[in-house]
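One structure is given here, and the rest of the page talks about it.
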């Protein structure tokens, strides 16, 4: 529970409600700065806007410069309060607040999907996944600093390419996480009940390319070796890798092949999404895909790709953090549930390192990556206050 008095959770809730109008204004400003993962300049504009807000709190800014993707933003804030957490002379470990500023939405989306308020919801590209979580963290920290109730230092890391697999930020995330006591992930909560996430599946992507032999389908049929037919056989085999009992799923998502209807296909390819619930299944998946062989000896098979994110398994340390959050939520007058999800986040990386990681601590809403993406306005203050209490605790 929090190091501040028992009445403090409700006080934090009151303070968060008083901040709600300003939170909505800042969220509109952030959503209005479009930031698709592939557009470095756009993501940098969003991160510089946020950096300015954190600097106003006294945060120390550090940039991790990137060439292809947006720069990574790190903010450090010192502890403030009268109750030390460690023995004299010992180095106090910070709490890591982890999120991202990129979205899946291309430039120009605001023209058809503007930020708006309707029926108790806030709509807009990236409002749910996950710009609301960034604004919530900003105001949670502001409340604690005003009350001098930050018993631990805090690091905020906002990445620029999470939506495309975190190719450049993963190493930075892991390095910072190793110096932290715990990680709170600002991704949106799960489902309409707004559950915190205590487990996530690992994510991988494999590409299987088949090389065949082209031939005229009418004149020289027997000389050809169809890459399309061979790929079809392989897709049937790959589909059998799915093991629902262990949470392993494979999905052949996109296929291509051939050139013309009257030409036996010389090439074909499939991209396969893979999800695993257990760390130990990663090696098994790798063996299965690398072991693919053609039935037609006139064709060859090349497999590329692999597991991108390890699973975030439900650990005792993460459950302990969830129970703490559940107790605080109860003191604030609402129920908090936990959930697992098939999607991945940067929290997968920190959990795999053994750092206690609690995910889904951002907004409550729906429609991630969809045209109806939105957050519930009624939950904004409550979840911000809960986040603040967890940081204080």
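Note on the range 277-381: enclosed strands (runs of 3 or more DSSP E) holding 3 or more residues that are over 20 Å from the mean Cα position of the chain (by Cα) and either under 25 Å from residue 137 (Cβ atoms) or assigned by TED's automatic domain parsing to the domain that holds residue 209 (or both) are 300-309.
Here are some conditions: (1) out of contact with any helix residue (DSSP H, G or I) (no Cβ under 7 Å at 6 or more places or on another chain); (2) surrounded by fewer than 20 Cβ atoms within 10 Å (Cβ to Cβ); (3) in contact (Cβ under 8 Å) with a residue 40 or more places away in the chain. Residue 174 meets all but one. Which one does it not meet? If we test residue 174 against (1) out of contact with any helix residue (DSSP H, G or I) (no Cβ under 7 Å at 6 or more places or on another chain); (2) surrounded by fewer than 20 Cβ atoms within 10 Å (Cβ to Cβ); (3) in contact (Cβ under 8 Å) with a residue 40 or more places away in the chain, just (1) comes out false. Considering 41, 52, 58, the condition of being in the same structural domain as residue 378 (by TED's automatic domain parsing) and part of a loop (DSSP other than H, G, I, E, B) is satisfied by 58 alone. Taking residue 215 as the residue in question, decide whether it is over 26 Å from residue 68 (Cβ atoms), buried (at least 16 other Cβ atoms within 10 Å of the Cβ) and without any contact (Cβ under 8 Å) to a residue 60 or more places away in the chain. In short, yes.
Checking the structure you have, find out if any residue of the range 3-16 is outside any helix (DSSP H, G or I), at pLDDT 95 or above and surrounded by 14 or more Cβ atoms within 10 Å (Cβ to Cβ). Looking through the range 3-16, none of the residues is outside any helix (DSSP H, G or I), at pLDDT 95 or above and surrounded by 14 or more Cβ atoms within 10 Å (Cβ to Cβ). Number of residues in the range 192-206 that are over 12 Å from the mean Cα position of the chain (by Cα) and surrounded by 15 or more Cβ atoms within 10 Å (Cβ to Cβ): the value is 8.
When the strands (runs of 3 or more DSSP E) confined to the range 94-161 are screened for residues that are touching a strand residue (DSSP E or B) at 6+ places or on another chain (Cβ under 8 Å), those reaching at least 3 such residues are found at 95-100, 121-123, 154-159.
Is it true that some residue in the range 222-229 is within 24 Å of residue 340 (Cβ to Cβ) and touching a strand residue (DSSP E or B) at 6+ places or on another chain (Cβ under 8 Å)? Write out each step before concluding.
The first filter runs over the range 222-229 and keeps only residues within 24 Å of residue 340 (Cβ to Cβ), leaving none.
Checked against the condition, which is being within 24 Å of residue 340 (Cβ to Cβ) and touching a strand residue (DSSP E or B) at 6+ places or on another chain (Cβ under 8 Å), the range 222-229 yields no hits at all.
Counting only residues that are in a strand (DSSP E or B) and in contact with a helix residue (DSSP H, G or I) (Cβ under 9 Å, 6 or more places away or on another chain), how many does the range 197-227 have? Of the residues in that region, 15 qualify.
The values are calculated or read from the model by the stated rules, or taken from the named source; none is laboratory data. Model, not experiment: these values are computed from the prediction. In this analysis, Cβ positions are derived from the backbone assuming ideal geometry, glycine residues included, and neighbour counts consider all displayed protein chains.
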